[in-house]
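Working notes, structure below.
The values are calculated or read from the model by the stated rules, or taken from the named source; none is laboratory data. As the structure is a prediction and not an experimental result, all values here were calculated from the model. Cβ coordinates were reconstructed from backbone atoms using ideal geometry, including for glycine residues, and neighbour counts include every protein chain displayed.
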């Protein structure tokens, strides 16, 4: 078992998400940065969908009862094992009674700690992800607190030993984030000037950003006529909503499944991890891309992930 | 037969989403088409479809573009659109879910305000609210929260200007021309006229969600004693939900 020595800023249990229930108003939740999450599980020798610990901004600290193989990917939170720095984007053994400590983030903002066997919390509708707003899933539906004890599961995908991810597979996080986006479904509600503004301006990430989404500040995006609201319809991961104040809001893991705001475009799936690592004050720019380009990017990423998964 | 094909729009929602807009307004007829298309898609069970989300007047399909191409999905949807039929007038509702509500008093602190605003007595407000079933157009906002249609004109009360910070879970309210209940504690702008001891979402239940899009909700007036009895049963997991199913060529619950 693993004991939480310090809880960090916002630490939750997440997996690939609670898919299949958006028709019932159930958000997907799950790891914000799917790339770092998947890599952490692969390096730890876990099944694709194993539950991990997601840390935000300032990381948590844990004491391990037994020796465990763990992996850390994502933002660099200056991890230390027994006082010695660990390598980010790698797997390594934590010895019996070992203490793994994480601190303030140096780049990015979300880090993933995977333990071989996965974090064992009850499944809720097939997922171990935490949706804190409705107190569903994960560790009692909430963020971890000092003293919380976590159990490790038995299942794992493959024999695994300490490994480092090749540097070309490590995602770099910069304070200037370029997000590729596909126009639609309500792009026709906006003037061509508005769309040009959207793709040529620089937006700043505001502090009102969390797992629900990123609120941006910058040149307003205005609709034809007065109303940009629509009859409420479904909203998916990466949707860029434009409410009446013209400020873009990009929805992420914990987003509401339906909303009455116009959606000018969708961030492509492969760029969501980079968005999930953006911090308050970072700059965002949007680039218009086609569906074909988005799918190509997806295929490329899948190839990388599968190559890493096949190696031992 | 085709159903007003010129009103139907197919839109892209990212590389993994396809939206089928079946109309422009909130109406039971358009919603019936939304429900039909949703059910046809779910029955078809095409590999690569991740989710089918019905809303007021569109169906959104989320799919894995590496498993299923948009062309193939579009072809399937066009085939299914050809199978849609306008809802027959007088067709009985498919599933009516009875939701017990204790009105007024501590559990419905705004009932008297609503009575005063509408010019009805508190009893008349309750009678009007429980008079007939409300269509569940869709779920959203929070797990299990139903968007209900059909609130009687005489019960319409503009939403609160200053929302309450804490609306208790189960609170039944009216706001504008909407009615419904809050599945979880949250902020809220509705006038609270009562409370239901039922949980809109309960992962322990065999059917975790109380209602689904296309169901009807019938509120039932109960006393405070029944409220607590039912609440105990709900917590113990032994409460039996009252549901009436219409068998018009479809399976019962």
What about residue A:54, is it surrounded by fewer than 24 Cβ atoms within 10 Å (Cβ to Cβ) and touching a helix residue (DSSP H, G or I) at 6+ places or on another chain (Cβ under 8 Å)?
no
Kindly indicate whether residue B:42 is surrounded by 22 or more Cβ atoms within 10 Å (Cβ to Cβ) and closer than 20 Å to residue B:211 by Cβ.
no
For the stretch B:43-69 the number of residues that are more than 7 Å from chain A (Cβ to nearest Cβ) and within 18 Å of residue A:297 (Cβ to Cβ) is 5
Taking the stretch B:23-32 as the search range and keeping residues that are within 20 Å of residue A:24 (Cβ to Cβ) and at pLDDT 90 or above, which one is nearest to the other protein chains (Cβ to nearest Cβ)?
B:31
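Each row is one residue, and each column tells you yes or no for (1) in a helix (DSSP H, G or I); (2) in contact with a strand residue (DSSP E or B) (Cβ under 8 Å, 6 or more places away or on another chain); (3) within 14 Å of chain A (Cβ to nearest Cβ); (4) crowded, with 20+ Cβ neighbours inside 10 Å.
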site: B:126; (1), (2), (3), (4): yes, yes, no, yes
site: B:147; (1), (2), (3), (4): no, yes, yes, yes
site: B:151; (1), (2), (3), (4): no, yes, no, no
site: B:161; (1), (2), (3), (4): no, no, no, no
Unique residue being surrounded by fewer than 20 Cβ atoms within 10 Å (Cβ to Cβ), in a loop (DSSP other than H, G, I, E, B), more than 14 Å from chain B (Cβ to nearest Cβ) and in contact (Cβ under 8 Å) with a residue 60 or more places away in the chain when the list is A:47, A:78, A:97:
A:47
Just wondering, is there one or more residues in the stretch B:114-125 that are in contact (Cβ under 8 Å) with a residue 40 or more places away in the chain and either within 17 Å of the chain's Cα centre (by Cα) or in the same structural domain as residue B:30 (by TED's automatic domain parsing) (or both)?
no
With respect to residue A:146, is the statement that it is in a loop (DSSP other than H, G, I, E, B) and either under 20 Å from the mean Cα position of the chain (by Cα) or under 15 Å from residue A:13 (Cα atoms) (or both) true?
yes
Within the stretch A:206-223, which residues are touching a strand residue (DSSP E or B) at 6+ places or on another chain (Cβ under 6 Å) and surrounded by fewer than 22 Cβ atoms within 10 Å (Cβ to Cβ)?
A:206, A:208, A:209, A:215, A:217, A:218, A:223
Does the stretch A:151-187 hold any residues that are in contact with a strand residue (DSSP E or B) (Cβ under 9 Å, 6 or more places away or on another chain) and in a helix (DSSP H, G or I), and which are they?
A:187
Please state which of the following conditions residue B:77 fails to meet, knowing it meets all the rest: (1) in contact with a strand residue (DSSP E or B) (Cβ under 7 Å, 6 or more places away or on another chain); (2) away from chain A (no Cβ under 14 Å); (3) farther than 30 Å from residue B:155 by Cβ; (4) not in a helix (DSSP H, G or I).
(4)
Looking for something crowded, with 19+ Cβ neighbours inside 10 Å and without any contact (Cβ under 8 Å) to a residue 40 or more places away in the chain - is there at least one such residue anywhere in the stretch B:204-219?
no
Take residue B:238 and decide whether it is out of contact with any strand residue (DSSP E or B) (no Cβ under 7 Å at 6 or more places or on another chain) and away from chain A (no Cβ under 14 Å).
yes
Keeping to the stretch A:275-292, report how many residues are surrounded by fewer than 16 Cβ atoms within 10 Å (Cβ to Cβ), under 15 Å from residue A:182 (Cβ atoms) and in contact (Cβ under 8 Å) with a residue 40 or more places away in the chain.
3
Selected residue (criterion: nearest to the other protein chains (Cβ to nearest Cβ)) from residues of the stretch A:230-241 that are more than 17 Å from the chain's Cα centre (by Cα) and at pLDDT 95 or above:
A:234
The stretch A:255-277, subset within 12 Å of chain B (Cβ to nearest Cβ) and in a helix (DSSP H, G or I), residue nearest to the chain's Cα centre (by Cα):
A:272
Return the only residue of B:231, B:195 being at pLDDT 95 or above and buried (at least 22 other Cβ atoms within 10 Å of the Cβ).
B:195
Looking only at the stretch A:278-294, filter to residues that are out of contact with any helix residue (DSSP H, G or I) (no Cβ under 9 Å at 6 or more places or on another chain) and either outside any strand (DSSP E or B) or in the same structural domain as residue A:110 (by TED's automatic domain parsing) (or both); which one of those is farthest from residue A:204 (Cα to Cα)?
A:292
Can you pull out the residues in the stretch A:132-150 that are within 14 Å of another protein chain (Cβ to nearest Cβ) and either touching a strand residue (DSSP E or B) at 6+ places or on another chain (Cβ under 9 Å) or under 22 Å from residue A:86 (Cβ atoms) (or both)?
A:132, A:133, A:134, A:135, A:136, A:137, A:138, A:141, A:142
